[in-house]
Amino acid sequence: MRMRRILLALASLTAILVGVPAAAQSGTFITGTVTSELGAGIGGICVEGMNIEYGRDNTARTASDGTYALQVNAGDLRVNFWDCNDEPSYLPEWYDNAPDWESATVLQIADGETRSNVDAALTLGGSVTGTVTGEGAGGVDAICASVVDPAGSEVSWGLTDAAGRYRIGVLRAGSYKVHFSDGHCGWAVMLSRPAGMNRASEPPRVGFSSARAWPPGGWAEEWFNDKPDFASADAVPVAEGVETPGIDAVLAPGGWVDGRVTNVEGDPIPDACVFAYHVTGEPAGWVAWADRQGEYLLGGLRSGQYKIEFAECGWSWTYESVWFDGKASFARADPVSVVQGAPAPGVDATLPRHPSPDFAITEISVSDVPLQTAYGALVPTGWTRRVDVHVANIGTAEGTSPIEAWVTSSSDQERAFLGYDYLTLPAGGSGTVSVPWNGFGTIGDVVVQGRACPNWDRVYWNNHATVSHYVLVGGSGFGVTVLSPFAPGYPWGSPCEDYMW
């Protein structure tokens, strides 16, 4: 019982901290029934409350008779309905019979209220079905079929099963084009990553395929009906509540490009992304990822000319994107000729680093200065020391860094933080941060330390802290003996992480 009370208290505290009241305490509900247009209840429909102030509130699922009870927080809400069954059939909508968030009815729900009769009558969507085979291979599994609207935006997609069959449902009435690829779902945004090493020495295992033989370059992409691009693809009409069958494809072995991605020092860039585009600008083939040696294989290409883009993927953003062959843009990129079923080797790239700041401490000086009162008058009997940390931006871009000063007494090995200030410097610029030093380290030798962290923006993650050590000889002397500076890195802990975000 005590543990249960603790958990409830923590849950309430969490709700307060994130600015969302705890629904479990308010007992606030929205109820209703979801039916088909014929009036039959539909089970497995997700019902979601969207609070205008903080977004997603809570989600419930309809029972087999279509009824639901959604516990929410008090406030202004919109309600969304969509088919979350394993094989969805019904088109989504918002209350009250609205197609989107903007046109949905806003419900003002009071604390402790149960709002009933928030109902929906969903419409059966249209569907597209077909079979995908490979030349001499029968049905091909794990091929992505994408439905694309007239504006070129992907609407939905589906994967073929072991027999090559696919079904794409929940489509609104309209005219579409269908794209087939073994490398990604979907066509317009190239969402998924090919699995496996993707090295030229190995046949790639792409998409979501099972472990079986594939052509070395995978299967060449195509549009229905055996067309090379979006513009020439046959239109596929779809009516709501009606299946459009026979949207089939026979895929040929694809061509591929392969090569290596390195930095200017010649080191490989693992997980660099490689993209192919038709000369018209449409994406093509797979999205390839370089392996630990920087090698990649990008397949699924029809015969033709392509422009290849290389970019760093992940969170570091150390390198700039380039186009083949060392060009800065799509317009300037050199085209690469590809023949179906054959390689186009030697498509390499060298990625330059992003311009970035890099702060280095060039000198630390220590001086005795008169201690002043708040009114600026000198105090004849009082003196203090001042530490000046001299810094240079040896990087290639302007940046901001917190500059710190520390002292460590050699007599007792105690360490004290003196102070810090932020310094903004252009590339090649220099500056000084001064902090007072009073009341510590007056006996014996004292080590004076400074450190600098670059502006911790994502494009600057390749930077480091730089630390130099200096020894003040004697408890009250001015002499400064310079020791060998530490190499760039983190001599104690991870200082720059203190300033992240």
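Based on what the data block shows, is Glu53 in a strand (DSSP E or B) and more than 23 Å from Val238 (Cα to Cα)?
Values: in a strand (DSSP E or B): no; more than 23 Å from Val238 (Cα to Cα): yes.
When the stated conditions are applied, Glu53 does not pass them.
Quick check on this structure: which one of Ser156, Ser127, Ser175, Ser116 is hydroxyl-bearing (Ser, Thr, Tyr) and modelled with pLDDT under 95?
Working: Ser127 fails: modelled with pLDDT under 95; Ser175 fails: modelled with pLDDT under 95; Ser116 fails: modelled with pLDDT under 95.
On inspection, the qualifying residue turns out to be Ser156.
The conditions are (1) at positive phi; (2) at pLDDT 95 or above, and Ala104 fails exactly one of them. Which is it?
If we test Ala104 against (1) at positive phi; (2) at pLDDT 95 or above, just (1) comes out false.
Just the residues that are among the hydrophobic types (A, V, I, L, M, F, W, C) and either surrounded by fewer than 16 Cβ atoms within 10 Å (Cβ to Cβ) or more than 30 Å from Thr318 (Cβ to Cβ) (or both), please, taken from region 233-271.
Initially, region 233-271 is screened for residues among the hydrophobic types (A, V, I, L, M, F, W, C), giving 233, 235-236, 238-239, 242, 247, 249-252, 256-257, 261, 264, 269.
Across region 233-271, the qualifying residues are Ala233, Ala235, Val236, Val238, Ala239, Val242, Ile247, Ala249, Val250, Leu251, Ala252, Val264.
Applying the selection to region 37-50, what residues are of a type in the set (A, V, I, L, M) and in a strand (DSSP E or B)? I'd like the intermediate steps shown before the answer.
Within region 37-50, the subset of a type in the set (A, V, I, L, M) is 38, 40, 42, 45, 47, 50.
Within region 37-50, Ile45, Val47, Met50 meet the criteria.
Keeping to region 236-268, report how many residues are touching a Lys or Arg at 6+ places or on another chain (Cβ under 7 Å) and on the phi > 0 side of the Ramachandran plot.
The total comes to 0.
Does any residue in region 164-183 that is touching a residue at least 24 places away in the same chain (Cβ under 8 Å) come within less than 8 Å, Cβ to Cβ, of a residue that is basic (Lys, Arg) and buried (at least 20 other Cβ atoms within 10 Å of the Cβ) six or more places away or on a different chain, and which pairs are these?
none
Quick one: would you say Gly285 is in contact (Cβ under 8 Å) with a residue 12 or more places away in the chain and out of contact with any Leu (no Cβ under 8 Å at 6 or more places or on another chain)? Write out each step before concluding.
Values: in contact (Cβ under 8 Å) with a residue 12 or more places away in the chain: yes; out of contact with any Leu (no Cβ under 8 Å at 6 or more places or on another chain): no.
Considered against the rule, which asks whether it is in contact (Cβ under 8 Å) with a residue 12 or more places away in the chain and out of contact with any Leu (no Cβ under 8 Å at 6 or more places or on another chain), Gly285 comes out as no.
Just to check your reading of the model, which residue among Ala344, Ala392, Ala331, Ala349 is small (Gly, Ala, Ser), modelled with pLDDT of 80 or more, within 25 Å of the chain's Cα centre (by Cα) and at negative phi? Spell out the reasoning first.
Details: Ala344 fails: within 25 Å of the chain's Cα centre (by Cα); Ala392 fails: within 25 Å of the chain's Cα centre (by Cα); Ala331 fails: within 25 Å of the chain's Cα centre (by Cα).
Result: Ala349 is the single residue among Ala344, Ala392, Ala331, Ala349 that is small (Gly, Ala, Ser), modelled with pLDDT of 80 or more, within 25 Å of the chain's Cα centre (by Cα) and at negative phi.
Is it true that some residue in region 249-268 is without any contact (Cβ under 8 Å) to a residue 40 or more places away in the chain and touching an Asp or Glu at 6+ places or on another chain (Cβ under 9 Å)?
Yes, region 249-268 has at least one match.
Which of the residues belonging to region 214-273 are among the acidic types (Asp, Glu), under 19 Å from Ala284 (Cβ atoms) and under 32 Å from the mean Cα position of the chain (by Cα)?
If the condition is that a residue be among the acidic types (Asp, Glu), under 19 Å from Ala284 (Cβ atoms) and under 32 Å from the mean Cα position of the chain (by Cα), then Glu221, Glu222, Asp229, Asp258 are the ones that fit.
Looking at Glu87, Glu93, Glu102, Glu113, which one is more than 26 Å from Gly241 (Cα to Cα), of a type in the set (Asp, Glu) and outside the structural domain of Gly285 (by TED's automatic domain parsing)?
Working: Glu87 fails: more than 26 Å from Gly241 (Cα to Cα); Glu93 fails: more than 26 Å from Gly241 (Cα to Cα); Glu102 fails: more than 26 Å from Gly241 (Cα to Cα).
Selected residue: Glu113, the only one of Glu87, Glu93, Glu102, Glu113 that is more than 26 Å from Gly241 (Cα to Cα), of a type in the set (Asp, Glu) and outside the structural domain of Gly285 (by TED's automatic domain parsing).
Just to be sure, is Asp334 surrounded by fewer than 18 Cβ atoms within 10 Å (Cβ to Cβ) and touching an Asp or Glu at 6+ places or on another chain (Cβ under 6 Å)?
For Asp334, the condition - surrounded by fewer than 18 Cβ atoms within 10 Å (Cβ to Cβ) and touching an Asp or Glu at 6+ places or on another chain (Cβ under 6 Å) - is met.
Pull up region 288-331, narrow it to residues that are among the basic types (Lys, Arg) and without any contact (Cβ under 8 Å) to a residue 60 or more places away in the chain, then point me to the one that is surrounded by the fewest Cβ atoms within 10 Å (Cβ to Cβ).
So the first thing to find is which residues in region 288-331 are among the basic types (Lys, Arg), and the list is 292, 302, 307, 327.
Next cut, without any contact (Cβ under 8 Å) to a residue 60 or more places away in the chain only: 292, 307, 327.
Values: Arg292: 10, Lys307: 23, Lys327: 14.
Looking at the filtered set, the residue picked out is Arg292.
Pick from Glu102, Glu87: which is part of a loop (DSSP other than H, G, I, E, B), in contact (Cβ under 8 Å) with a residue 24 or more places away in the chain and more than 18 Å from Thr28 (Cβ to Cβ)? Please lay out each step first, then the result.
Numbers: Glu102 fails: in contact (Cβ under 8 Å) with a residue 24 or more places away in the chain.
Every option except Glu87 fails the conditions.
Can you pull out the residues in region 272-293 that are on the phi > 0 side of the Ramachandran plot and touching an Asp or Glu at 6+ places or on another chain (Cβ under 8 Å)?
Of all residues in region 272-293, those on the phi > 0 side of the Ramachandran plot come to 281, 285.
Residue satisfying the conditions is Gly285 alone.
Can you tell me how many residues within region 416-450 are at pLDDT below 85, in a loop (DSSP other than H, G, I, E, B) and not aromatic (Phe, Trp, Tyr)?
Going through region 416-450 one residue at a time, the tally reaches 7.
The values are calculated or read from the model by the stated rules, or taken from the named source; none is laboratory data. Please read these numbers as outputs of a predicted model, since none were measured by experiment. Please note: Cβ atoms are built from the backbone with ideal geometry, for glycine as well, and neighbour counts cover all protein chains shown.
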